[in-house]
1. Restricting the range 113-129 to residues that are in contact (Cβ under 8 Å) with a residue 60 or more places away in the chain and under 13 Å from the mean Cα position of the chain (by Cα), which is farthest from residue 10 (Cα to Cα)?
2. Being over 26 Å from residue 279 (Cβ atoms), touching a Ser or Thr at 6+ places or on another chain (Cβ under 8 Å) and not small (Gly, Ala, Ser) narrows it down to one residue among 156, 146; which is it?
3. Pick out the one residue from 116, 108 that is of a type in the set (Phe, Trp, Tyr) and more than 22 Å from residue 278 (Cα to Cα).
4. Got a number for residues in the range 241-260 being among the small types (Gly, Ala, Ser), outside any helix (DSSP H, G or I) and free of Cβ contacts under 8 Å to residues at least 24 places away in the same chain?
5. Has the range 120-140 got at least one residue that is of a type in the set (D, E, K, R) and touching a Cys at 6+ places or on another chain (Cβ under 8 Å)?
6. Take the residues in the range 154-193 that are surrounded by fewer than 14 Cβ atoms within 10 Å (Cβ to Cβ) and small (Gly, Ala, Ser), then tell me which one is nearest to residue 236 (Cα to Cα).
7. Residue 153 passes all but one of (1) in contact with a strand residue (DSSP E or B) (Cβ under 8 Å, 6 or more places away or on another chain); (2) free of Cβ contacts under 8 Å to residues at least 24 places away in the same chain; (3) small (Gly, Ala, Ser); which number fails?
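A short reminder: the numbers here are calculations on the coordinates, not readings from a lab. For clarity, every value in this text was computed on a predicted model and none was experimentally measured. Here Cβ is always computed from backbone atoms with ideal geometry, including for glycine, and neighbour counts include all displayed protein chains.
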Amino acid sequence: MRLDDQEQSSNVEDRRRSGGPGWGRGMRLGGGKIGVGTIVIALAAWYFLGINPMAILSGGDILQQEPVGQSQSGQSVASDKDKVFISKVLKTTETVWSDIFRQNGGTYQDPALVLYSGATRSACGVGQAAMGPFYCPADRKVYLDMSFFHQMGAQMGVQGDFAQGYVLAHEVGHHVQNLLGVMDKMAQARSSMNERQANDLSVRVELQADCFAGIWAHELQKDGTIIEDGDIEEAMNAAAAVGDDHIQKQAQGYVVPDSFTHGSSQQRMSWFKRGLSSGDMKQCNTFAQE
């Protein structure tokens, strides 16, 4: 990505050095006991993010805030250079979606990007690095521990700045869904669904966010000054790496399609490509697809 001439977003909240609101050194959640607050957090994680609540309910003893200024791997916090980069990427999403909303008679409201290290609080509960980047519709903020990008390279073999851009554009895609009312509709629909149906709905939400990320890439291609050779391939590699089938195969050696919450590698790449090739939000109706 060529971002040298791009502006930085003013909507970045850096909690890495302060530890974030309400957090201190060595704070633990639950102290080994599962309280009502922990249950609420777990349910919120499932409800909004598609995260298995047991991952939180069983992890009360291990959710520990790292010393301020460090990531969970013990490394120093991301450099200012990293912050500048992700801030510029965020600015490109603001420009793209502001233009699209305006062309369709609407007004885009920018999300905030919260950079944190280890763990932080959100209106959807506790954010922790192990969850990866996530969007909280309750406070309209994207949460990102920059160490995720290091893990993405070291553990998933995904390299490149545009791969990182895709990750942020996907989360911003959830913000777009929130502004369009998709999140509210999906929350209402989930109330009458069984687990398998809820998982399928979650997949459709995630794939639409991938399609929206593709629209972002489409607009950057039209601009002609940002995308470089190999950038789209980097995004496709990232989409494939975070497919549920790929992750399950690596983690447990086999795949359970009924448990998918984000979609297979092929689905994620396909929907990203659909947004990329069309640049049309109408082509991102994953809920009409069988």
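1. 128
2. Numbers: 156 fails: touching a Ser or Thr at 6+ places or on another chain (Cβ under 8 Å).
Step by step, each of 156, 146 is checked, and only 146 is over 26 Å from residue 279 (Cβ atoms), touching a Ser or Thr at 6+ places or on another chain (Cβ under 8 Å) and not small (Gly, Ala, Ser).
3. Details: 108 fails: more than 22 Å from residue 278 (Cα to Cα).
Every option except 116 fails the conditions.
4. Within the range 241-260, the subset among the small types (Gly, Ala, Ser) is 241, 243, 251, 253, 259.
Keeping just the survivors that are outside any helix (DSSP H, G or I) gives 243, 253.
The next check asks that each one be free of Cβ contacts under 8 Å to residues at least 24 places away in the same chain; those that pass are 253.
Count: 1.
5. Our first condition is that a residue be of a type in the set (D, E, K, R); within the range 120-140, this holds for 121, 139-140.
The next check asks that each one be touching a Cys at 6+ places or on another chain (Cβ under 8 Å); those that pass are 139.
Yes, some residue in the range 120-140 is of a type in the set (D, E, K, R) and touching a Cys at 6+ places or on another chain (Cβ under 8 Å).
6. So the residue we want is 157.
7. For residue 153, the failing item is (1).
Table: residues versus (1) in contact (Cβ under 8 Å) with a residue 12 or more places away in the chain; (2) crowded, with 18+ Cβ neighbours inside 10 Å; (3) acidic (Asp, Glu).
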position	(1), (2), (3)
208	yes, yes, no
223	no, no, yes
226	yes, yes, no
230	yes, no, no
262	yes, yes, no
272	yes, yes, no
277	yes, no, no
280	yes, no, yes
